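Data block below; observations after.
The values are calculated or read from the model by the stated rules, or taken from the named source; none is laboratory data. Here the structure is a predicted model, which is why all the values come from computation and not from measurement. With ideal geometry, Cβ positions are generated from the backbone for all residues, glycine too; neighbour counts draw on all protein chains shown.
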């Protein structure tokens, strides 16, 4: 490895957006490092798919971080089995699938990892356009966290900045899909369904946004769905 080779940490969930970020970081010429979180979510499918995506991109290192705390405190349909996963989006409220402070914690861990390996970039697939209303997907949150990282890390204090990049922040899901297809992102390896089964439900918030994106992009979603009418 060359001493001046630039490195990026990609927060890799196994989903469509994070896989697209991996494709973007590769195109930008970064040595790829991935970090995936097993946080007590309802299923392990997204972690398994993240492994496949990381293998596809031949990442230099793939870290899987176990955080049982989210499951222990509950408070989200994704981590608490007593809360049902909603089938329809409510545009007027933060949905039950919101995991408290998830991106704040994930990106803080990614920043620590980036500091140790001397990475100058952290990529995360948050979107401020087609998203579920999560407060930790907003541009102002990312701006604030970038500022905090510069104050909180040795690398940044010494003048070697590490920035969080959100290349999808202003893109619709259709725009993201179009970009990813142009970059040959392996969407067939991704998963989005909150229920985490082999065949996506096509009804949950995440499936709805994904299907809408592929439809508006004018192409077929390559993953299987239970209900063929949604494809």
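Just name the residue that is nearest to residue 103 (Cα to Cα) out of those in the range 1-16 that are within 15 Å of the chain's Cα centre (by Cα) and assigned to a strand (DSSP E or B). It comes out as 11.
To keep it simple, each residue is scored yes or no on (1) buried (at least 20 other Cβ atoms within 10 Å of the Cβ); (2) part of a helix (DSSP H, G or I); (3) in contact (Cβ under 8 Å) with a residue 12 or more places away in the chain.
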residue	(1), (2), (3)
18	yes, yes, yes
22	yes, yes, yes
32	yes, no, yes
36	yes, no, yes
48	no, yes, yes
52	no, yes, yes
55	no, yes, no
62	no, no, yes
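Can you spot a residue in the range 206-218 that is buried (at least 19 other Cβ atoms within 10 Å of the Cβ), touching a helix residue (DSSP H, G or I) at 6+ places or on another chain (Cβ under 9 Å) and on the phi > 0 side of the Ramachandran plot? No, the range 206-218 has no match at all. No other residue among 118, 51 is over 20 Å from the mean Cα position of the chain (by Cα), closer than 22 Å to residue 12 by Cβ and modelled with pLDDT of 95 or more apart from 118. Can we say residue 190 is in contact with a strand residue (DSSP E or B) (Cβ under 7 Å, 6 or more places away or on another chain), in contact (Cβ under 8 Å) with a residue 60 or more places away in the chain and within 22 Å of residue 95 (Cβ to Cβ)? So residue 190 fails the test. Taking the criterion of being more than 15 Å from the chain's Cα centre (by Cα) and touching a residue at least 60 places away in the same chain (Cβ under 8 Å), the only residue of the range 136-181 that qualifies is 179.
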